[in-house]
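Below is one structure, written out as structure tokens; comments come after it.
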Amino acid sequence: MGSSHQAFIAVSVGNTSLQLARYGTEATPEAPVHLSQLRLPVLQPDFEVLQHWLGAETHPWYVASVNRTAEEPIRTWLRDTRPSTPYQLLSNRDFPLILDVEQPERVGTDRVANGVAVRRAKPPHEAAIIVDSGTAITVDGLSADGRFLGGAILPGVRLSARALQLGTDQLPQVELDVADERPSPIGRSTHAAIASGLHWGSVGAVRQLVQGLAETMGCPAGGACPLFITGGDGQRLLPHLGPSAQWVPDLVLQGIATTAMVVMGLEAKSPSAGHES
């Protein structure tokens, strides 16, 4: 896959969504140039919509997946319908990021991609915190010198709601939409009480984890280190996380795109890239 390609496709295969973005091979100091984007359900994606979005071009695909079951049929579809399209499934060793954790190979590629994007976007010589609120919620730390330090993983809002419904006899499953008004802490019905617990429980857990990571990493007094929020439910958390929080909806795609440019030789690989020995 040489530098003759004028564009490429970054792909994130998640547990809920399939996200794709077309990028040019130019880059700004902040991020690669984003041209267009598509989001589909990861289970039974509409391949006709995907075919139309891709058009006639056979730009190379660079894929990060946390859902092995879903990634295989997507790869098979591409091979069967567009056999000349290059396809690379990225491993953690491909990402230009030190994974300073006990088992670097087991860190989810979405978390690693987020780390790559934030290492590029954060102020130099400052630690940063990444909150990704999707099927699971992850709260991760990036050191001042750009190493991924690990963090915490907890169930996302929808997963928690499903667990309540499956694990009890009478509690219903409650759906919270990002656009909904935040629920009152005092739920005056079973539905409202569950909504309150789901929303404020996730807010409280993330706040506490952000504070703990900030203290552990030596962020300034008050924990005001840069805080990057992403994921399908990230906007629900954003208003509760203080003035240092910034919303970056395509953070994982930015990290995949940065990595793709390194793999293609269009961007220098950071001297700090790789696994911690």
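Among the residues of segment 110-126, some residue qualifies, meaning at least one is acidic (Asp, Glu), in contact (Cβ under 8 Å) with a residue 12 or more places away in the chain, assigned by TED's automatic domain parsing to the domain that holds Gly141 and out of contact with any Cys (no Cβ under 8 Å at 6 or more places or on another chain). Quick one: which of Arg188, Arg182 is surrounded by fewer than 17 Cβ atoms within 10 Å (Cβ to Cβ), in contact with a His (Cβ under 7 Å, 6 or more places away or on another chain) and among the basic types (Lys, Arg)? The conditions single out Arg182.
Residue selection: Gly212 fails the criterion of being within 22 Å of Arg111 (Cβ to Cβ) and part of a loop (DSSP other than H, G, I, E, B). The requirement of being touching a residue at least 40 places away in the same chain (Cβ under 8 Å), surrounded by 14 or more Cβ atoms within 10 Å (Cβ to Cβ), over 22 Å from the mean Cα position of the chain (by Cα) and assigned to a loop (DSSP other than H, G, I, E, B) is satisfied by Cys219. For segment 100-146, the tally of residues that are more than 16 Å from the chain's Cα centre (by Cα) and farther than 15 Å from Pro226 by Cβ stands at 6. The condition (being over 30 Å from Pro104 (Cα atoms) and touching a Gly at 6+ places or on another chain (Cβ under 7 Å)) is satisfied by just one residue among Ser196, Ser184, Ser133: Ser196. Please determine, by comparing only the residues of segment 222-242 that are surrounded by fewer than 18 Cβ atoms within 10 Å (Cβ to Cβ) and farther than 16 Å from Val203 by Cβ, which one is nearest to the chain's Cα centre (by Cα). Ranking the qualifying residues of segment 222-242, first place goes to Ala224.
Restricting Arg39, Arg82, Arg68 to those that are loosely packed, with under 12 Cβ neighbours inside 10 Å, assigned by TED's automatic domain parsing to the domain that holds Gln19 and either touching a residue at least 24 places away in the same chain (Cβ under 8 Å) or under 13 Å from Val13 (Cβ atoms) (or both) reduces the list to Arg68. A single entry from Gln44, Gln88 fulfils the requirement of being modelled with pLDDT of 95 or more, within 18 Å of Leu18 (Cα to Cα) and either polar (S, T, N, Q) or within 19 Å of the chain's Cα centre (by Cα) (or both): Gln88. Leu166 meets all of the listed conditions (1) assigned to a helix (DSSP H, G or I); (2) surrounded by 12 or more Cβ atoms within 10 Å (Cβ to Cβ) but one, namely (2).
The values are calculated or read from the model by the stated rules, or taken from the named source; none is laboratory data. Everything numeric in this text was worked out from a predicted model, so none of it was measured. Every residue, glycine as well, gets a Cβ built from its backbone with ideal geometry; the counts of neighbours run over all protein chains shown.
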